[in-house]
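The values are calculated or read from the model by the stated rules, or taken from the named source; none is laboratory data. Keep in mind the model is a prediction, meaning the values are calculated, not measured. FYI the Cβ positions are ideal-geometry reconstructions off the backbone, even for glycines, and counts take in every protein chain you see. These accessible areas exclude ligands, DNA and RNA; they are computed on the full protein's heavy atoms, side chains included. Shrake-Rupley method; radii C 1.70, N 1.55, O 1.52, S 1.80 Å.
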Amino acid sequence: MRGSEGPVIESLKDSVRAYWNAEPCGTRGIAGPDRRAYFDSIERERYATEPYIPSFARFDRARGRRLLEIGVGAGTDFVNWVRGGAIATGVDLTEQGVRLTRERVEGEGLHAHLEQADAESLPFKPDSFDFVYSFGVLHHSPDTPKTIGEVHRVLRPGGTAVIMLYHCYGWVGLTLWAAKLRPWKSPRWAIAQSLESPDTKSYTVSETRALFNAFTDVKIRRVLSSGDLLLMPPSSKWPKAFASVVWKLYPRWLVRLLGDRFGTNILIEAKK
């Protein structure tokens, strides 16, 4: 990084951190003073709207193995790795993500290591983990290729990376692009402008494969996300009246009929 690039990147990273501190992934629209019921609601909602996650992650395959999750959010996937017997470490850019996940793990009488850390500079030695898992996180980093390099570095030889990144030509990107009424721009631009934290990245399948060119046995597929089907509550970024109409009239039947080709979630499994 040279010149003014460093401060600009750090400012962006601070904005990303602030966004996810305010609303950890999966917590939108969920509240309740009973903490166990609160976490149960988050988990139920996550796997109802993204039902393929358990079969993609296969939480029990890390039993007795060292696993790192990058971006624990509210801890739903992380606690499932721990329940499955993984020797689990979790990191998150935000204090809130670490706090919520620690509360959740300890509330179930489980044990795992959690710390606040930056995915672009992981505080672990090379070849430290058998698995690295990150679902919908690395595309929020200012330097996503660097985070994937870090995944490769901390994996042991023969270890497995299990990652989800956003597809720029999924329904989410196409819908945001149409809503922006700027046809000379692109779905990738619309995602960076409007989806979740500032400057969210998205990729084609071929770009994703290039990001993982240091890995072997790379398997990539696309799936429909909760965003493609508008199954989650609308973000506060959208006017309530507008969101109410869109959520009601959205053609979910057509999205499902056309299948996963235009799915926003790119699922990647790769070996080091």
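Normalised radius of gyration (Cα atoms, divided by 2.2 N^0.38 Å) for segment 68-131: 1.03. Based on Cα atoms of segment 6-68, Rg over Rh with Rh as the Kirkwood radius reads 1.11. Taking 1.002 mPa s as the viscosity and 20 °C as the temperature, the Stokes-Einstein diffusion coefficient of the chain based on its alpha-carbon Kirkwood radius rounds to 112 µm²/s.
If I take every Cα pair under 8 Å that is 6 or more residues apart in the chain, average their sequence separation and divide by the length, what percent do I get for the relative contact order?
On the way: 479 pairs, mean separation 47.3, N = 272.
Over the chain, the number comes to 17 percent.
Ranked by solvent-accessible area (1.4 Å probe, protein heavy atoms only, all chains present), the residues D60, D127 order from largest to smallest as D60, D127. When the Gaussian network model of the chain links Cα atoms closer than 10 Å, the mean-square fluctuations of P198, P142, P54 top out at P54.
Can you pull the Kirkwood radius for segment 164-272, inverse mean 1/r over Cα pairs, to one decimal in Å? Write out the running numbers ahead of the final one.
Details: mean 1/r = 0.0679 Å⁻¹.
By the Kirkwood definition, the hydrodynamic radius is 14.7 Å.
Taking all protein chains together and a 1.4 Å probe, the residues R153, R99, R61 rank R99, R153, R61 from largest to smallest accessible area.
For the chain, what does the helix formula give at 222 nm: sum of -39500 (n - 2.57) over DSSP H segments with n ≥ 4, over the residue count, nearest 500 deg cm²/dmol? -12000 deg cm²/dmol, from helical runs alone. Probing with 1.4 Å while keeping every protein chain in the model, the per residue accessible area of the chain equals 48 Å².
Shape verdict for segment 130-194, please, from the Cα gyration tensor: rounded (a/c under 1.5), prolate (a/b greater than b/c) or oblate.
On the way: a/c = 4.19, a/b = 2.86, b/c = 1.46.
In terms of gyration-tensor shape, prolate.
When the Cα positions of P234, A48, G173 are compared along the charge dipole of the chain, G173 comes out farthest toward the positive end, with charges on each C-beta of Lys, Arg, Asp and Glu. Spacing of the modelled spin labels on K219 and E103, each 7 Å from Cα toward Cβ, amounts to 3.6 nm.
Ignoring lysines fewer than eight residues from K185 along the same chain, the ones with Cα atoms less than 23 angstrom from its Cα are K201, K237. For segment 56-201, with equal point scatterers placed on the C-alpha atoms only and solvent neglected, what are the log10 I(q)/I(0) values from the Debye formula at q = 0.17, 0.19 1/Å, to two decimals? Debye intensities relative to I(0), on a log10 scale: -0.92, -1.07. The ellipsoid that matches the Cα gyration tensor of segment 1-111 has semi-axes, each √(5λ) in whole angstrom, of 27, 18, 13, with the longest given first. Of the residues G97, V255, P198, the one whose Cα sits farthest toward the positive end of the charge dipole of the chain, with +1 on the Cβ of Lys and Arg and -1 on the Cβ of Asp and Glu, is V255. Label zone of R36 (point 7 Å out along Cα→Cβ, amide N under 12 Å): in segment 82-126 this covers 107-109. Only protein heavy atoms count here; under a 1.4 Å probe, Y47 has an accessible surface of about 40 Å².
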